[in-house]
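Reading through the structure tokens given below for one structure.
The numbers here are math on the coordinates, done by the rules we state, and not lab data. Everything numeric in this text was worked out from a predicted model, so none of it was measured. Counting neighbours? That spans all protein chains shown, and the Cβs are built from the backbone with ideal geometry, glycine included.
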Amino acid sequence: MHKQIYINLAVDDLERSKAFFSALGLSFEPRFSNEQAACLVLGENIFAMLLVKNMFKDFTHKPLADPKTGTEVLVCLSCESREEVDALVAKALAAGGTAPRAPQDHGFMYGHGFEDPDGHIWELAYMDPNAQPPAAAQA
């Protein structure tokens, strides 16, 4: 079974991206960071590699998607509470991010999200362990 996950994201300005995610209270792993890449620590074994576009292009022969005009991926992170979801979105907005949509309350799950300065979408979700999902979701 896999032990870690590394999400690779192309960024326009690495220092701007580092400042944005630092403002959210996140940190970077210096052993896997340099002037072209920053290893963003999202959880105990969850990381995002923020790569300048020229370095990112070394890993693929496909053209890069522009996350400001198209969706390449939706990154969803779990949160401990609804309040944590809202607090992270508020920090993201204060740091220059945008909220692409209103919060979604499905009873058993609450979610909201933000776009970082490069346009990558970060979804945040809290799943209430005491609430029942809809019958269709249980099947």
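For this structure, a couple of remarks:
- With the charge dipole of the range 5-138 set up from +1 on Lys and Arg Cβ and -1 on Asp and Glu Cβ about the Cα centre, the Cα lying farthest toward the positive end among the listed residues 79, 45, 110 is that of 45.
- Relative to the longest principal axis of the Cα atoms of the chain, the long axis of helix 14-23 makes an angle of roughly 30 degrees.
- For peptides 125-132, 82-89, 42-49, 112-119, sequence by mean Cβ density within 10 Å, most packed first: 112-119, 82-89, 42-49, 125-132
- Here the chain was treated as a single set of alpha-carbon atoms; its pair distances binned every 5 Å from 0 give 2, 9, 18, 21, 19, 15, 9, 5, 2, 0 percent.
- Sorted on the mean count of surrounding Cβ atoms within 10 Å across their residues, most packed first, peptides 18-26, 68-76, 52-60 read 18-26, 52-60, 68-76.
- In this simple spin-label model, placing a label point 7 Å from the Cα along the Cα-to-Cβ direction at both residue 35 and residue 61 gives a separation of 3.1 nm.
- C-alpha long axis of helix 82-94 to longest principal axis of the chain, angle in °: 30
- Counting only residues at least eight positions apart within a chain, or on another chain, the lysines with an alpha carbon under 21 Å from that of residue 62 are 53.
- From helices alone, the chain scores -6000 deg cm²/dmol at 222 nm; the rule is -39500 (n - 2.57) for each run of n ≥ 4 DSSP H residues, then divide by the residue total.
- The range 59-138 - Kirkwood radius from inverse mean 1/r over Cα pairs (Å): 13.9
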